[in-house]
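Data block below; observations after.
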Amino acid sequence: MESNTKQAIIDYVISKAEKKPLKQITIGEIGKAVGITRNTFYYYFKDIYDVLDQAISVEFAKLIDAPVDNDEQALFDIIEFTVMYKKVWVNLYRTIGQERLRTYVLNKVDVVFIKYIEAHLDGDTLSDLDMGILKTYFEEALFGVLVRWIRGESRGSTPSEMHEISQRIRVVFDGCLDLMLKNIKKNP
């Protein structure tokens with residue numbers, strides 16, 4: 001029963017966040033729709049943003065921890081996951097702004113980039129400086145694509161279009177990390 005109530009709250013908030021700004025979703029509205037009291041809502045969540053945070057965290061964790069055929073798959077699965085909830089991301093972006101969204105997203109996917117880079121090291125190690133530079137490079141590239149997409153500055157409004165874009169990103173970035181690591185080895 002407890003997890004059903006929590007999931008019902010999450011499902012309702014996500015469905016509403018696809019239709020209207022987060023600031024317009026009230027605890028009273030959620031309570032009425034889901035059949036709970038305000039206290040019950042606050043038992044599970046601090047506020048509307050906490051609902052979205054927990055929902056996104058669970059989905060990102062599933063994507064990050066899922067067995068994949070290659071080390072890049074989790075990264076591209078995350079891109080495609082965002083497409084499914086574009087209006088939610090747009091509302092989140094409009095509500096909390098670009099910098100807070102950047103911090104939020106990059107904290108969620110940080111482990112993906114570290115795994116991605118470490119998978120290419122072939123037993124070598126990187127200095128903290130070099131790891132930071134590589135991680136930042138890929139984080140900024142991903143976040144740049146995400147923000148431009150949220151703003152409507154790039155195509156990709158449907159899952160199939162975004163899948164095509166993520167596949168194209170793979171082609172463009174293919175071998176990029178290996179070349180960077182080669183350059184680091186040549187110039188330690």
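No value in this document is a laboratory result; all are computed from the given coordinates. Just so it is clear, the structure is predicted and the values come from calculations on it, not from any experiment. No Cβ is skipped: glycine too gets one built from the backbone with ideal geometry, and neighbour counts run over all protein chains shown.
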Nothing charged except the Cβ atoms of Lys and Arg (+1) and of Asp and Glu (-1): what's the magnitude of the dipole of the stretch 66-186 about its Cα centre? Round to the nearest 20 debye.
660
Between helix 128-150 and the chain, what is the angle of the helix's C-alpha long axis to the longest principal axis, kept within 0 to 90° and rounded to the nearest 10?
50
Which of the listed residues, Y12, Y85, Q24, is farthest toward the dipole's positive end in the chain, when Lys, Arg count +1 and Asp, Glu count -1 at the beta-carbon?
Q24
Rounded to the nearest 10, the angle in degrees between the Cα long axis of helix 159-173 and the longest principal axis of the Cα atoms of the chain comes to 20
What order do you get for 3-13, 23-33 when each peptide is scored by the mean count of other beta carbon atoms within 10 Å, highest first?
3-13, 23-33
Taking the Cα centre of the stretch 1-48 as the origin, how large is its charge dipole in debye, to the nearest 20, when only Lys and Arg (+1) and Asp and Glu (-1) carry charge on their Cβ atoms?
180
With the convex hull built on the alpha-carbon atoms of the stretch 66-186, volume per residue in Å³ sits at 112
Can you give the extra length, in nm with one decimal, that the chain gains between D50 and S127 once fully stretched, where that is 0.36 nm per residue apart less the Cα-Cα distance?
24.2 nm
Mind pulling the angle between the C-alpha long axis of helix 2-17 and the longest principal axis of the chain? Nearest 10 degrees, somewhere in 0 to 90.
80
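Which FRET efficiency value, to the nearest 0.05, is calculated for D110 and R155 with the Förster distance at 25 angstrom and r the Cβ-Cβ distance? Walk me through the numbers on the way to the answer.
Numbers: r = 28 Å, r/R0 = 1.11.
That pair, D110 with R155, gives E of 0.35.
Which FRET efficiency, nearest 0.05, do R38 and A8 yield, Cβ-Cβ r, R0 25 Å? Intermediate values should be presented prior to the final figure.
Working: r = 15 Å, r/R0 = 0.61.
Step by step, r from the Cβ atoms, then E = 0.95.
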